[in-house]
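Taking it in order: structure first as structure tokens, then the write-up.
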Amino acid sequence: MKLPLVEDTVEFGRKIGALLTAGDLVLLAGPLGAGKTVLVRGIAEGLGVMGRVSSPTFVIERVHKPGPDGRGVQLVHVDAYRLIGHIEEVDDLDLDTDLTDAAVVIEWGEGLAEQLSTDYLLIRLERHPDDTRTAHLEPHGSWKSRL
């Protein structure tokens, strides 16, 4: 899917967020500047959660509670960039517990977070020289029948 503008990335995220329920896992892959956090902003809007979405690189994880007009599902937003190569630190976050009552979106999660569930959506974001993006969806498990 082509994402020529930032607004297109946000809108694509809104559509993904509208699909999410508690227990869903979404992994985001792509280089720095590919638009992962922008996509999460759209996902948060689609879920109707509260709080400003920003990269949790230094705090690792942010929890966004359902908003009054939201869908009642909280969003756990994780940036695993600093955890690459440290699988035990992913375990320390207790994300498997979060998956019981939240939608979990993990930036840089590929290769680290697949152990959390066999049902997950991997979204690869590619940034092109003209500053446009392309999203490639790779559904796993039950996600194959949801898209």
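Bear in mind these aren't lab numbers, they're just calculated from the coordinates by the rules spelled out. Everything quoted here is computed from the prediction, not taken from an experiment. Quick reminder, even Gly has a Cβ in these numbers, built from the backbone with ideal geometry, and neighbours come from all protein chains shown.
Could you check region 1-22 and list, in sequence order, the residues that are among the basic types (Lys, Arg) and in contact with a helix residue (DSSP H, G or I) (Cβ under 6 Å, 6 or more places away or on another chain)?
Within region 1-22, Arg14 is the sole residue that qualifies.
Just one residue in the set Val40, Val49 is touching a His at 6+ places or on another chain (Cβ under 6 Å) and under 19 Å from Ala113 (Cα atoms); that residue is Val40. Filtered by the rule that a residue be assigned to a strand (DSSP E or B) and either crowded, with 20+ Cβ neighbours inside 10 Å or acidic (Asp, Glu) (or both), region 1-38 gives Leu3, Leu25, Val26, Leu27, Leu28.
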